[in-house]
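In what follows, a single structure is set out as structure tokens and then discussed.
Please treat every number below as a calculation from the coordinates, not as lab data. Treat the numbers as computed from the prediction; the structure is a model and nothing was measured. In this analysis, Cβ positions are derived from the backbone assuming ideal geometry, glycine residues included, and neighbour counts consider all displayed protein chains.
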DNA sequence: CATCTCACTTGGATAATGCAAGTATCTATG
DNA sequence: CATAGATACTTGCATTATCCAAGTGAGATG
């Protein structure tokens, strides 16, 4: 039995079924932050995804309606991958991940984007603060 | 070679090295949303994590400074897992995941928390909108 | 002190991933 | 218009991770 065989309708679990593996998120990062759009560009990323896994993840992200594939307008060999509107809903998650990674890795390249990262921090408002305070007191969101 | 053997200092990748597998995030969800704190409680979650994977993930999350383990004050068999301050920095990510999962799963239990979810949505402010608009025009954050 | 509870470990089967190589389609060049 | 190079994949095999069931050891309970 695979993990995703148990269908809970917890919204966090639903999100994880779509993007809950590292490679999928790295692909989304490549598009969102670096403007990559093709198979070849994804393969060339620092983290060295293999072509078999990349093909699998791209088709998953398409299946989940997060990415769309279009033929390149002039070069028929290429396919262009882009976010759908549903995919764009993941932007806040990717922003928060950039913020956290920058905050906790002294060597992070995020430090070169200080003003951008502090803008992310500002979007984390009163609700986040409220939840954190609750948890500091040993409580939980729904308890 | 494992994925995490390639050390990029991309902040998103750094975050993924810490919590980039589904089980870790489900553990954090259990603590944050449901107030679970012990091994037994995590095992009893809907998604059926196995004890071997749970033990592995808990020690990883401890190693990354996201969770701390304390002995139960009265029952010496139990250990209490709680978020550290570093771990609390992940709260916005977990909130955004709840928001997205609720928005895209018609059967989501998140629909029972409408006012809470709409508060999450309100925290996603002008920066997210700006990034999304850029991407709709085929551009990227840093391009 | 026998039994139960809790937090793990261990071992063996199954599934996912990594790696190298190959294929099909399209483009660019002589 | 044949040939070489690009691009987006597949395929096959070795390695690694996960699942599942059962066991262990320390502490609680009656």
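Numbers below:
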{"read-out": "Three-way shape label, region B:31-91, alpha-carbon gyration tensor, a/c 1.5", "value": "rounded"}
{"read-out": "Estimated inter-spin distance, residue B:75 and residue B:112, nm [label 7 Å along Cα→Cβ]", "value": "2.4"}
{"read-out": "Three-way shape call for the protein assembly as shown based on the alpha-carbon gyration tensor, with the a/c threshold at 1.5", "value": "prolate"}
{"read-out": "Label 7 Å beyond Cα on the Cβ vector: residue B:59 copy-to-copy distances, nm", "value": "3.6"}
{"read-out": "Helix-only CD estimate at 222 nm, as mean residue ellipticity for chain B, using -39500 (n - 2.57) per DSSP H run (n ≥ 4)", "value": "-16000 deg cm²/dmol"}
{"read-out": "Alpha-carbon centroid distance for the pair region A:81-143 / region B:18-58, whole angstrom", "value": "21"}
{"read-out": "Shielding of A:28-39 by partner chains, average beta-carbon count, 10 Å", "value": "4"}
{"read-out": "Within a Gaussian network of chain B (alpha carbon springs, distance under 10 Å), most fluctuating of B:16, B:58, B:88", "value": "B:16"}
{"read-out": "Shielding by other protein chains, A:124-136, mean Cβ within 10 Å", "value": "6"}
{"read-out": "Diffusion coefficient, µm² s⁻¹, Stokes-Einstein with Kirkwood Rh over alpha-carbon pairs of chain A at 4 °C and 1.567 mPa s", "value": "75"}
{"read-out": "Shielding of B:56-68 by partner chains, average beta-carbon count, 10 Å", "value": "0"}
{"read-out": "Mean separation of Cα contacts under 8 Å, 6 or more apart, over the residue count of chain A: relative contact order %", "value": "13"}
{"read-out": "Label-to-label distance, nm, for residues given as residue A:85 and residue B:56 (7 Å Cα→Cβ offset)", "value": "4.1"}
{"read-out": "Helix B:22-34 axis, angle to chain B major axis (alpha carbon atoms, nearest 10°)", "value": "80"}
{"read-out": "Acute angle (nearest 10 degrees) that the helix A:91-104 long axis makes with the longest principal axis of chain A, alpha-carbon atoms", "value": "70"}
{"read-out": "Cα gyration tensor, region A:84-129 - rounded (a/c under 1.5), prolate or oblate", "value": "oblate"}
{"read-out": "Additional length obtainable on full extension of the chain from residue A:48 to residue A:140, 0.36 nm per residue less Cα span", "value": "29.3 nm"}
{"read-out": "Ascending list, in nanometres, of distances separating the residue B:126 label from those of the other copies (7 Å, Cα toward Cβ)", "value": "1.8"}
